[in-house]
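A short worksheet on the structure shown next.
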Amino acid sequence: MALVGWVLSFFALFGALALRQDMPVDGSAGMSNMLLLLALLACPMLWRDSPLGISRKQRIVTALMLFVGLPLVLLPAG
């Protein structure tokens, strides 16, 4: 399970950094922020001892909310 967390964390971090570098579409800043938060939530090293009282289930639910909320960032403004 920790390996999945590391892989997801690195993918999200590199995706966020690529979006910050390039900014290809409107909403890139929001998507980048969401990916950075996902990278933070998925990093097993930071959450090994449950700091701040945040459990694994709460982190998984928050990550799912970020995935489900992504289309709202991609909607055209106007």
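Read-outs throughout are calculated quantities, based only on the coordinates presented, and are distinct from any laboratory measurement. Quantities reported herein were computed from a predicted structural model and do not represent experimental measurements. Virtual Cβ from ideal backbone geometry, glycine too; neighbours counted across all protein chains shown.
Computed values, structure above
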read-out: LEU37 surrounded by 13 or more Cβ atoms within 10 Å (Cβ to Cβ) and either hydrophobic (A, V, I, L, M, F, W, C) or over 16 Å from the mean Cα position of the chain (by Cα) (or both); value: yes
read-out: In the stretch 49-76, the residues that are within 15 Å of ALA2 (Cα to Cα) and either touching a helix residue (DSSP H, G or I) at 6+ places or on another chain (Cβ under 9 Å) or in a helix (DSSP H, G or I) (or both); value: SER50, ARG56, LYS57, ARG59, ILE60
read-out: Positions within the stretch 1-14 being buried (at least 17 other Cβ atoms within 10 Å of the Cβ) and under 20 Å from GLY69 (Cβ atoms), in sequence order; value: LEU8, SER9, ALA12, LEU13
read-out: Output for the stretch 15-65, where each listed residue is of a type in the set (D, E, K, R), free of Cβ contacts under 8 Å to residues at least 24 places away in the same chain and closer than 22 Å to PRO76 by Cβ; value: ARG20, ASP22
